[in-house]
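The values are calculated or read from the model by the stated rules, or taken from the named source; none is laboratory data. This one's a predicted model, so the numbers in the text were calculated from it and none came from an experiment. Reconstructed Cβ throughout: ideal geometry from the backbone, glycine too, with neighbour counts over all protein chains shown.
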2 protein chains.
Amino acid sequence: MKVAIQGIKGSYHHQVTNLLYEKADLLECSTFDQVAQAVASGVVDKAVMAIGNSIAGSILPNYTLIRQNQIYITAEYYLDISHQLMALPGQKIEDIKEVQSHPMALLQCRNYFQGYPEVKLVETNDTAAAAYRIHRDGKKGVAAIASDTAAQLYELDIIASDLQDVANNSTRFVVVEREPNYVDDANKATINFTTSHEPGTLARILTIFGAQRINLSKIQSIPVIEKPFVFSFVADLELEDLEQFLKAKQQIRPYVEQLDILGIYKNASL
Amino acid sequence: MKVAIQGIKGSYHHQVTNLLYEKADLLECSTFDQVAQAVASGVVDKAVMAIGNSIAGSILPNYTLIRQNQIYITAEYYLDISHQLMALPGQKIEDIKEVQSHPMALLQCRNYFQGYPEVKLVETNDTAAAAYRIHRDGKKGVAAIASDTAAQLYELDIIASDLQDVANNSTRFVVVEREPNYVDDANKATINFTTSHEPGTLARILTIFGAQRINLSKIQSIPVIEKPFVFSFVADLELEDLEQFLKAKQQIRPYVEQLDILGIYKNASL
């Protein structure tokens, strides 16, 4: 099975891929754009994509990529992220002048580095790439924030553990495929819809969901920049059964201008 | 009037402060935490705080800071952000090895720098601080992404203009104060409420708002990490008059576990 990820081996995307699939053949992509295109074009069977985290919220552009590339969420996975600080063997925290990682990881470890104001924080495309380059170039004085897997893979020493600000730093990943293949016990749907800017329209839509015993586990409005009076919403729905969802989908038609089902899959949250 | 901002002179917070208030006495804070505390403790009269932008969405932690410090939104302002690349006079884009800025600014200019893969992107606490240090230390080979104001203030040359990926890169700022002082023509409210995880509860709340002709211009669910079955929502409400809002506020009581009014102010959006 061929799976596209954003980043290289040792990234959190790689870690999730390993947990979900045995012996996947990885396609390492440098951007989420490339990941989505690899799925849409059929170059890979699936992709694993981060879609949000418990600190910063949703990664809104990835919902847009899924919609625009007409690909589908077929599964979800929540990973508790533990950020490790790693450097060449023998390096100590006092030796470190510069720390490299993905902007999101740097953000999640901000409190830790307030204790080290002299350390320069440098952005890289992904966490594992920072670790890889320290290994490849034998860079002293530089550390990376990345996963345990990256430390092992690139033979670096972990010089500080669990750097993230909040203990409960969970990232939600989704599996995306070219077809909306859904499993028999699917009980969650992600939808994107737009409504006119009319008081009560969203309430009508949510009332229809409520009547079908469909619960919202997430809703987020996204301003549609080009159309100031149109609102776009991303919502995650928890379904008791698929029939109810299909019924609700019909009933909300009069109130939505556009409706895209981004995927129907099995709920992996608590 | 004393106004707290995150960042130093020349930051976008400073730019907004200048647009809103003549001759404000600035308190430069290095974190949003300090900004909120300065307002809560009465050290300043007001603060100007970024609360979200059209690309990355809401800055969720700032809503939490407002709620926890029991301070209030009293006004909002939308600024179209134009990011400029600036360096010491005489430097050209070919001379630049490293670009420093705030992580959000780096993120918003990501496409631009894909054309310059050799350039190292380095995070700083705020955009203006990067510009200031280039000026202070006479740093050659280093550029900052910051505002026009920062270039003028720190005597740097703009070597590339409007670097942001999306032309329409608008950031929403709010003014926060210790008391919920609201203006006579206030027509927008920001609220934070929690509901039980019961299908249809949010629909009931929004139906009440709809019946009072209150429109939602924004809604975002925030998972409450410690309480998996409780959901927290931040919503912006567009009001026709305050009476309707107070009526709706009474009517939703049975459906909310907690309700905080983060501010009532004048709508500044289109």
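Quick notes on this one:
- Qualifying residue in the range A:41-64 (condition: under 20 Å from residue A:260 (Cα atoms) and either in a loop (DSSP other than H, G, I, E, B) or among the aromatic types (Phe, Trp, Tyr) (or both)): yes
- Taking the criterion of being at pLDDT 90 or above and surrounded by 18 or more Cβ atoms within 10 Å (Cβ to Cβ), the residues of the range B:20-36 that qualify are B:24, B:26, B:28, B:29, B:35, B:36.
- Just so you know, in the range B:83-110 the residues that are assigned to a helix (DSSP H, G or I) and within 14 Å of chain A (Cβ to nearest Cβ) include one that is surrounded by the fewest Cβ atoms within 10 Å (Cβ to Cβ), and it is B:110.
Matching residues to (1) without any contact (Cβ under 8 Å) to a residue 12 or more places away in the chain; (2) at the interface with another protein chain (Cβ under 10 Å from one of its Cβ atoms); (3) in a loop (DSSP other than H, G, I, E, B):
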residue	(1), (2), (3)
A:166	no, yes, yes
A:175	no, no, no
A:179	no, no, yes
A:185	no, no, yes
A:194	no, no, no
A:198	yes, yes, yes
A:202	no, yes, no
A:208	no, yes, no
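- Checking each residue in the range B:121-164 for being under 23 Å from the mean Cα position of the chain (by Cα) and assigned to a loop (DSSP other than H, G, I, E, B) picks out B:124, B:125, B:126, B:147, B:161, B:162, B:163, B:164.
- Cβ separations smaller than 6 Å between residues 6+ apart or across chains give the following pairs from the range B:89-103 residues that are within 9 Å of residue B:130 (Cα to Cα) to residues that are crowded, with 18+ Cβ neighbours inside 10 Å and of a type in the set (Ser, Thr, Tyr): B:100/B:124; B:101/B:127; B:102/B:127.
- Filter result for residue A:159 (surrounded by 21 or more Cβ atoms within 10 Å (Cβ to Cβ) and either at positive phi or hydrophobic (A, V, I, L, M, F, W, C) (or both)): no
- Scanning the range B:38-78 for residues that are surrounded by 20 or more Cβ atoms within 10 Å (Cβ to Cβ) and small (Gly, Ala, Ser) gives B:38, B:47, B:50, B:52, B:57, B:58, B:75.
- Answer residue from the range A:260-270, given it is of a type in the set (A, V, I, L, M) and modelled with pLDDT under 95 and is nearest to the chain's Cα centre (by Cα) among those: A:268
- Residue match in the range B:165-174 (condition: buried (at least 16 other Cβ atoms within 10 Å of the Cβ), polar (S, T, N, Q) and out of contact with any Phe, Trp or Tyr (no Cβ under 6 Å at 6 or more places or on another chain)): yes
- Candidates are the residues of the range B:5-30 that are in a loop (DSSP other than H, G, I, E, B) and in contact (Cβ under 8 Å) with a residue 60 or more places away in the chain; the one that is nearest to residue B:68 (Cα to Cα) is B:30.
- Count of residues meeting criterion [polar (S, T, N, Q), over 24 Å from residue A:110 (Cα atoms) and within 14 Å of chain B (Cβ to nearest Cβ)] in the range A:32-61: 1
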